[in-house]
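See below for the structure under consideration.
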Amino acid sequence: MFGAPGFPQEDKELLQKCQTLRQQEVSVTLKQDVTLACRSGAAADISVLKWSRSDLSSHGYVYFYRNKRSFQSYQHPRFQGRVTLRDAGMKDGDASVILRNATLEDAGMYECHLQLRELVEGRRSSSEVSRHINLTVTHAAETPEAMMDSYSHLEDADGDVRSRDGAVAAVTVVLLAVLVVLRELEARREDVQQRIQDRERDVKLLQQQAEAIDASADKSAQDAESFFTRIIRLVWKRSSEIDESE
């Protein structure tokens, strides 16, 4: 692709420097901290670091860094105060961040995008690196599969299955599995409610802005009408004075 005709040499070099690293799978237990790893892989200065999620990109970044400082105002409200650099100095190109107190809403695909600067043979060179991490947030409760496996070895010394204990264990597994499912449904319900509340806040804000614009427009119209009324009265008064003087 880079060798195809029609590309200027500078564009070929820039394309060759753009790298996309393989996706990484990361899992964390609910309410625990997790590190989202990202390295530049090059001995270059990181001028811009953008951690983002595609489903939240229109509302802000997960973490934003530029010119040796972070910008909390650029962050999505959900991540403010919860995301920090693992190494504040980003030594050896370490652009990893720590996400604290993981919630179910934190699950999703994250992108770490780096803009790098370095001197190559006396010339300033720039490149970009992107890395994708798929984060899964799980409950601390044991999975039904693991519980079933733990009860599958209930045998006596002669190798006979203890039917009564096995039945009790099976019922216990079913009840625990139902409990896990109910907890998952409850967590999903809370997630949906939170999203609905977020949308309602956005709609309310837009309504307030629209009302403010309408009020401003009405006031401007009233001021303009009052101004033109005064002008007309002044013109009539001036005309009357001229007529009387004649």
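The values are calculated or read from the model by the stated rules, or taken from the named source; none is laboratory data. What you are looking at is a predicted structure, and each value in this text was computed from that prediction instead of being measured. All Cβ positions, even for glycine, are placed from backbone atoms using ideal geometry, and neighbour counts span all protein chains on display. When the accessible area is computed, the model is the full protein with side chains, heavy atoms only, and any ligands, DNA or RNA have been set aside. Shrake-Rupley method; radii C 1.70, N 1.55, O 1.52, S 1.80 Å.
Peptides 125-132, 69-76, 108-115 ranked from most to least packed by the mean count of surrounding Cβ atoms within 10 Å: 108-115, 125-132, 69-76. Within the full protein context, the accessible area of THR136 is estimated at about 60 Å² for a probe radius of 1.4 Å. In terms of overall dimensions, the stretch 83-122 has a Cα radius of gyration and Dmax of 14.4, 49 angstrom. Once both labels are positioned 7 Å from their Cα atoms along Cα-to-Cβ, the gap between ALA217 and THR172 label points is 6.9 nm. Take each peptide in 225-238, 93-106, count the other Cβ atoms within 10 Å of every residue, and average; sorted highest first, the result is 93-106, 225-238. What FRET efficiency, computed as 1/(1 + (r/R0)^6) with R0 = 51 Å and r the Cβ-Cβ distance, is obtained for ALA224 and ARG117, rounded to the nearest 0.05? With R0 = 51 Å, the Cβ-Cβ based efficiency is 0.45. Residues whose amide H falls under 5 Å from that of THR138, counting only those 5 or more places apart or on a different chain, are VAL28, THR29, LEU30, with hydrogens built in the peptide plane.
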